[in-house]
Amino acid sequence: MTAAPAPAPHRARATLGVIAVGGALGACARYAAGLAWPTEPDGFPWTTLVVNAVGCAVIGVFLVVVTEAWAAPPLVRPFFGTGVLGGFTTFSTYAVDAQRLLDGGHAATALGYLAATLGAALLSVWAGAAAARRAIGRRAAR
């Protein structure tokens, strides 16, 4: 089995560049959500849960669109999928939030949060993909 050829250096730099720009945009959007809807020190981290669920729904829609309906330019996936949505969703904050709840003596809330976020993320990506497939099917039927 032969290895795939390495990407040209200029293409790799372009890919890293669009990921970085997209990641900065996504992180700014997540930060804005945190400012608009702050979590109290001992409160349930609703903002992180909602951001992750929304981001996963958008990932589901996006991947269906770029794989089944639109021949996207090569840098769209790394920019939007990896960069913007990777910067927007925040599973590292999810872990920190759970640890904060545990450290604060809220073990049941931490476990509920871990389970709720995982369930919401999986359900959201599935629902986003299903909705996109239905929309694409309706458009194709016209």
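Here, each number is a calculation from the coordinates, and none is a lab measurement. Just so it is clear, the structure is predicted and the values come from calculations on it, not from any experiment. Cβ atoms come from the backbone with ideal geometry, glycine included; neighbour counts cover every protein chain shown.
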For the chain, what is the calculated [θ] at 222 nm in deg cm²/dmol (nearest 500), taking -39500 (n - 2.57) for each run of four or more DSSP H residues and dividing by its residue count? -24000 deg cm²/dmol
Using a simple spin-label model with points 7 Å from Cα along the Cα→Cβ vector, what separation in nm is obtained for L114 and A131? 2.9
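Counting other Cβ atoms within 10 Å, which chymotrypsin sites (Phe, Trp or Tyr not before Pro) in region 19-93 have at most 15 and lie in a DSSP loop?
Details: sites: Y31, W46, F62, W70, F79, F80, F88, F91; in loops: W70.
Qualifying residues, ordered by number: W70.
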Restricting to Cα pairs below 8 Å that are 6+ residues apart, what does the relative contact order work out to for the chain? Please round to a whole percent. 37
Quick one: angle between helix 46-64 and the longest Cα principal axis of the chain, in degrees between 0 and 90, rounded to 10, please. 20
Extended-chain gain in nm, criterion 0.36 nm per residue less alpha-carbon gap, A69 and V96: 6.0 nm
